[in-house]
Amino acid sequence: MASPRASASYKKKDGTLAVAADRQFLFWTPAAPSGASPSVTLSVRDITNLQQTPAANPKVALKIFVQPIGTLSPEGHVFSFISATAARAEQEAITEVLRNELAALKNAGANTTAASVAISGDKPAAMAIAQAVSSGTRIGVDAWYSDTKLKADLALQKSLLDADPTLRQRFSEALRDRPDTISTPQFSAQFWSNRLHLLRAHAIERDQAQGDYNVLPEIKFTRIPAEKEGESDRLVLNLAKEQISLIFKQYPVVRQAYNDNVPNVVDTSMYWTRFFNSRLLKKLKGITITKDDPTDAIFDRYLDYQESGPAATGQVPNFIDLEGNEQDHSQRKGNRPDQTMRPGSVEKVPILRVLNSLSEKLIAQVAPADGEAHAPIGMDEETYYELQLRDLQADNPENRVSLNIRDQQRFLSGNPNDQISSDAALYAKQPPLKVLADLKSRLAPESLGISKAGNLELDCVLGYQSESESSDDEAPANGVRVKRLPRVGSKAALTSANTHILSSITSRNSSFSDTTDPLLGLSQSTFDTLTMTHNTTIEFLHYFYTVFLSGSTSQSSTTELRNLFSTLEKSLDRLDSVADVAETERKKELERRRREPKEYEKRTGKRRRVEEMGGGKEVVESVVAPTVRALQVATDRYRKAFEKQSAAA
C-alpha cells in the first residue's frame, strides 16, 4: 500500500506532508528549495492526540500533539492542507493512517510482557541477547530511575515527604485546597511530575551504601570508672555485627583462628578479648612486635600465616613498573629515593605491607562504575593514548615550502605617505601660530602661579579657589552661564570625590546590615500563612497550565480545566484575605505603639517618639505582586480561549 502524501503548509510555508513507508514517522518537506530534506520529522510513537477542523469549515487543517520521552508537556504542530480540489480527502487519508497506527501501537504496548516471554526459536533469542549486550549497562541504570518508575513508586514518594518537612507541608496544603473534581491520584501524579529530579536524587541517595573501610583502627576499648573505691576501672570492648563481618572479610587469618578455636577452645567473648590483646593484632595493624608484648598460645600460632590476597594483576604496565624503571634508569647515582621506594623498605616498615595488602582488598571489592559489563577487559585505546608521555616525543618536522623573495623592502615599503603616524598627521594640520600662542599662555608666570613680585602662589598651582571664586561661572557675551568642570585637585573636585566615597560606603553598609526584618513587619503566623498560600497557588498554576496546554478536547479535560479556573480565582481571594489580616494586625500594633508613648508621658511627663513599623496590606501586595500577575495572565488566557471556542461552536 502506497504511503499517503498531501500538499500542506507549515508555519505559512508550502510543502509536502507524507507518512513513511513503515508507518513509523511523519515527514514535512518544504517546497523550496527543490530537493530539500524534510525539516519536520515526527515519530508516530510520540503522538498523543490528533485534532482536525470541522467538516463545515472551508479551511482544512490537522493539529498533531507530540510528546517525546522525557518531556513534561506535549507540543502541537498545525498542518494546513492547501490542495484546491482534494484537501479534505488528503487530510482524512493521512489522519486515518495515523489513527490506525496509533491503535496498533497501543495494542502492542498492552501485550509487551506476553510478547517478550513468548519468544521462540534460536534466532530471535540470539538477536535479543545481542541487542542487550550492545546496549551495555546504561539501559539498566536508566531503568532504575526512569520517570515512569519514579511516578509509580509510592514508597519512595512517602520517604521523600518524611525526609523534607517543607515539601510535606506544601503537598498537604495543596491536597487540601484542590478542587473536588480532581482525585487524589490525579493530583499526586501532577505534583510529582514537576519534582522528578527530587525523587531521582532521593532514590540515588537511598541506594547508596557505605563502602568497606579499615575496621581495626576504629575498634578500641572503652574505660568505665569503678563504682566503688578501691576497685579498678573496667575496660569494655563493644563490637557490632557489621564490624565482625568486616574483620573476617579483610583479615582471613582472624576468621581461620575463629573457626579453629570457637567454641572448642574458648567462647566468643573470650576469643575477641584475647585477640585485641594479642601480638597478632599488632602485626595486622603494622605495629612492630617487641619482646615485652604478652604472648598468647592461641594467636601466636597464626603469626606466620600467609594470605593469598587478591588475584594477580598479570602484566604490570611500564609506567608503574618500579623494577623496569631501575633497569632502564638506575638511581645508584645522585639523591637516594624516598624510604618507601627503596628495595626492602616493606620489611623494614611493616605497616607498608599491611596498607598495600588492605588497599588491594578494598579496591578489589569495589565494582567498576565506569565500564560496561560486557566490554573487553584491559586498557582501551583511548586510555592508552591518554597515558602516553607525549612530552618526551620528538617534535614533528615542519612540512612547508620556504619562500625566498629578493629585495623584500621594495615590495613591503608601500606608499611613502603611509609611514606618517596619525599623531603626526594631526599635528601637521594645526596652524603653527596658534600652537605657539597657546604654549606661551600656558608657560606665562600667571599661569604657573607666580605673582608679579616673583612669589609662588600654591592655591593657583593646585587650582584651589575660594567660595566666591568657585561659585562664579563663566558668563559669555550672550548672557548664558557655562558650568565649568572642576580642575583636578581643586576644592570642588575634592568635595565631589568626598561625597561620592561617603555615599558608596553608606550604601554598602546598608546592604550588608542585619537590621532588615526577615518577616517584613508581619507576624510569624501571618507570614507562615502567606508562604503556604503562595506555595499552594504556584501548584495550582502548574496544574492549570499542564491541562490547558495539553490540547485535549475531551469532556473530562474541559471540566477539569473549568474547575482549575475557579480555583485560580479563589487563590486571588485567599491572597487578598491574607493581606486584610496583615492590615488588621498592623492597625492594632500601630494603636498599641501610639498608646504606649501617651501612657509614658502621663507617668513621667516626658514625651517619647512613636516608632515606625512596616507590614500590612502594602507589604503583602508587594510580595505577591508577581504571583498575582501570573494568575491574571492565566485567567485571561482561559477566558480568551473559552470565548473563541464558544464563538466557533
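The values are calculated or read from the model by the stated rules, or taken from the named source; none is laboratory data. None of the values given here were measured: they were computed from a predicted structure. For neighbour counting, all protein chains shown are included, and Cβ atoms are generated from backbone atoms with ideal geometry for every residue, glycine included. Heavy atoms of the whole protein, side chains included, go into the accessibility calculation; ligands, DNA and RNA do not. Shrake-Rupley method; radii C 1.70, N 1.55, O 1.52, S 1.80 Å.
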Practice prompt. Kindly state, to the nearest 0.05, the FRET efficiency for Lys13 paired with Glu96, given R0 = 25 Å and r defined as their beta-carbon distance.
Written response: 0.50
Worksheet item: Using a simple spin-label model with points 7 Å from Cα along the Cα→Cβ vector, what separation in nm is obtained for His77 and Leu355?
Response: 6.2 nm
Fill in: Residues Thr184 and Leu519, FRET efficiency given R0 of 41 Å [Cβ-Cβ distance, rounded to 0.05]
0.75
Discussion item. Along the Cα→Cβ direction, 7 angstrom out, place labels at Arg301 and Val40. What is the inter-label distance in nm?
Written reply: 8.5 nm
Item to complete: For Asp292 paired with Ala497, estimate the spin-label separation in nm (one decimal), with each label point 7 Å from Cα along the Cα-to-Cβ line.
Response: 7.4 nm
Fill in: Segments 587-594, 167-174, 80-87 sorted - mean Cβ within 10 Å per residue, highest first
167-174, 80-87, 587-594
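How much length is gained on full extension from Thr531 to Arg508, taking 0.36 nm per residue of separation minus their Cα-Cα distance? List each step's numbers first, then the result.
Details: separation 23, 0.36 × 23 = 8.28 nm, distance 2.95 nm.
Full-extension gain reported as 5.3 nm.
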Worksheet item: If the chain between Thr222 and Asp164 were fully stretched, how many nm would it gain, using 0.36 nm times the residue separation less the Cα-Cα distance?
Response: 17.2 nm
Worksheet item: Using the heavy atoms of the protein chains alone and a 1.4 angstrom probe, what is the accessible area of region 179-310 per residue in square angstrom?
Response: 64 Å²
Worksheet item: Rounded, prolate or oblate: which fits region 149-214, taking a ≥ b ≥ c as square roots of the Cα gyration tensor eigenvalues, rounded meaning a/c under 1.5, else prolate when a/b beats b/c?
Response: prolate
Worksheet item: Which FRET efficiency value, to the nearest 0.05, do you get for His197 and Asp580 by plugging their Cβ-Cβ distance into 1/(1 + (r/R0)^6) with R0 = 45 Å?
Response: 0.75
Discussion item. At 1.4 Å probe size, what's the solvent-accessible area of Arg99? Round to the nearest 10 Å².
Written reply: 120 Å²
Worksheet entry | Carbon plus sulfur fraction of accessible area for region 1-105, probe 1.4 Å, in percent | 54 percent
Worksheet entry | Among the listed pairs Lys12/Lys63; Lys291/Lys361; Lys220/Lys282; Lys220/Lys283; Lys220/Lys285, those beyond 19 Å (Cα-Cα) | Lys291/Lys361
Worksheet item: From the backbone phi of region 569-580, what are the Karplus-calculated ³J(HN,Hα) couplings (6.51 cos²θ - 1.76 cosθ + 1.60, θ = phi - 60°) in whole Hz, Gly and Pro given as x?
Response: 5, 5, 5, 4, 5, 5, 5, 5, 5, 5, 5, 5
Discussion item. What does the extension gain come out to for Tyr213 and Ala437, with contour length at 0.36 nm per residue minus their alpha carbon separation?
Written reply: 71.8 nm
Worksheet entry | Exposure ranking of Leu443, Leu564 by accessible area [1.4 Å probe, largest first] | Leu443, Leu564
Item to complete: List, in order, the whole-Hz ³J(HN,Hα) value for each residue of region 628-633 obtained from phi through the Karplus relation with A = 6.51, B = -1.76, C = 1.60 and θ = phi - 60°; use x for Gly and Pro.
Response: 5, 5, 5, 5, 5, 5
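Place the peptides 44-54, 178-188, 275-285 in order of packing, highest mean first, counting for every residue the other Cβ atoms within 10 Å and averaging per peptide.
The densest-packed peptide leads the list: 275-285, 44-54, 178-188.
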Discussion item. I'd like to compare 157-165, 574-582: which one has the highest average count of other Cβ atoms within 10 Å, and what's the full order after that?
Written reply: 574-582, 157-165
Worksheet item: Tell me, what HN-Hα J-couplings in whole Hz come from the Karplus equation 6.51 cos²θ - 1.76 cosθ + 1.60 at θ = phi - 60° for each residue of region 532-547, using x for Gly and Pro?
Response: 5, 5, 5, 4, 5, 4, 5, 4, 5, 5, 4, 5, 4, 5, 4, 6
Item to complete: Determine the shape class of region 496-649: with a ≥ b ≥ c the square roots of the Cα gyration tensor eigenvalues, call it rounded for a/c under 1.5, and otherwise prolate if a/b is greater than b/c, oblate otherwise.
Response: prolate
